[in-house]
Each structure stands twice: as structure tokens, then as C-alpha cells.
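Enquirer: Take this structure, written in C-alpha cells, and hold onto it; I'll ask about it next.
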Amino acid sequence: MKVSEFNYNLPEELIAQVPIKNRDMSRLMVLERKNKTIEDKIFKDILEYLKPGDCLVRNNTKVLPARLYGVKEETRANIEFLLLKRIEGDTWETMVHPGRRLKPGTKVTFGEGLLKAEILEVLEGGNRKVRFEYERNI
């Protein structure tokens, strides 16, 4: 399976910017495999679908609001970075799009050159280890 198989168009207006006040009123999509139907429900309805022996997995990760848009220095191609976690100092694990051609040594510039990044390593799964450089605190 390739990470690229998970790429899809999600309009900005459909991305929640803050958590819903009453979490049990959040949206729930129910997929019925037998009938190949999809229903829109709310999360508090989930008890109607769980049966003894089912396993419910909770994802309590937090999204770091750090999406950067830059250009590849050699070709001026647009590149999108999503910072996932700080490894150490100014070195981060990132998702990049499009990333296939971002090999170690590739440099990307952001804004008016105040921030620059160098790809250090391609990590398992396609993420990149990146070192950021800047002249002043941004």
C-alpha cells in the first residue's frame, strides 16, 4: 500500500478549525458493507452499531497546525510541508507534497527566503527528515 493512495480532495471549508463544543454531536459516517450503503449520523449514535466483542479504537492525537508552502530552489516547483514532530532543534519529521522528487540535499525556500529547508533523509513511509534554517526568529 502506498501513502499516495490516501490522497483526496478535501475542501478547506470542510476541515474543522476547532473541536465541536459537544463532542458527542460530532459527525459519524456509518458504512454498511453488506448493503454498500453510507449513512450520516452523529457520534452518540455509535452505541447502536457496537456489539459485544467489537473493538473500538480511540485516536487521541493532536494535529500541529503547521502547514508551510514553499518552492523548490532548483525548479521553483510548489511544495507543501506538514510538520509532524520535532526531532531535535530545527530538525523535523514532515510530510511533503508532492514528495516523490524531494531527495536528500534538496532545498526549499518559504516566503521571501526568511525560512529555508533542506531534505536530510527519506524516512520509512515516505516522510522526510528536514532541517530548517532561518536568520532571525520567525
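Enquirer: So which residues in the stretch 112-128 are in a strand (DSSP E or B), within 16 Å of Glu74 (Cβ to Cβ) and of a type outside the set (Lys, Arg), if there are any at all?
Expert: Once the filter is applied, which keeps residues that are in a strand (DSSP E or B), within 16 Å of Glu74 (Cβ to Cβ) and of a type outside the set (Lys, Arg), the stretch 112-128 yields Ala117, Glu118, Ile119.
Enquirer: A further question follows. Return the residue satisfying two criteria in turn: it lies in the stretch 58-94 and is among the hydrophobic types (A, V, I, L, M, F, W, C) and farther than 22 Å from Val18 by Cα, and of such residues it is surrounded by the fewest Cβ atoms within 10 Å (Cβ to Cβ).
Expert: Taking the stretch 58-94 first, the residues among the hydrophobic types (A, V, I, L, M, F, W, C) are 63-64, 66, 68, 71, 77, 79, 81-84, 87, 92.
Restricting the remaining residues to those that are farther than 22 Å from Val18 by Cα gives 71, 77, 79, 87, 92.
Numbers: Val71: 15, Ala77: 13, Ile79: 22, Ile87: 15, Trp92: 23.
My answer is Ala77.
Enquirer: Would you mind finding the one in Arg86, Arg76, Arg100 that is closer than 20 Å to Thr61 by Cβ and of a type in the set (Lys, Arg)?
Expert: Working: Arg76 fails: closer than 20 Å to Thr61 by Cβ; Arg100 fails: closer than 20 Å to Thr61 by Cβ.
Within the list Arg86, Arg76, Arg100, the selection yields Arg86.
Where a number appears in this text, it was derived from the coordinates with a stated rule and is not lab data. Everything numeric here is computed off the predicted structure, so don't read it as measured data. For neighbour counting, all protein chains shown are included, and Cβ atoms are generated from backbone atoms with ideal geometry for every residue, glycine included.
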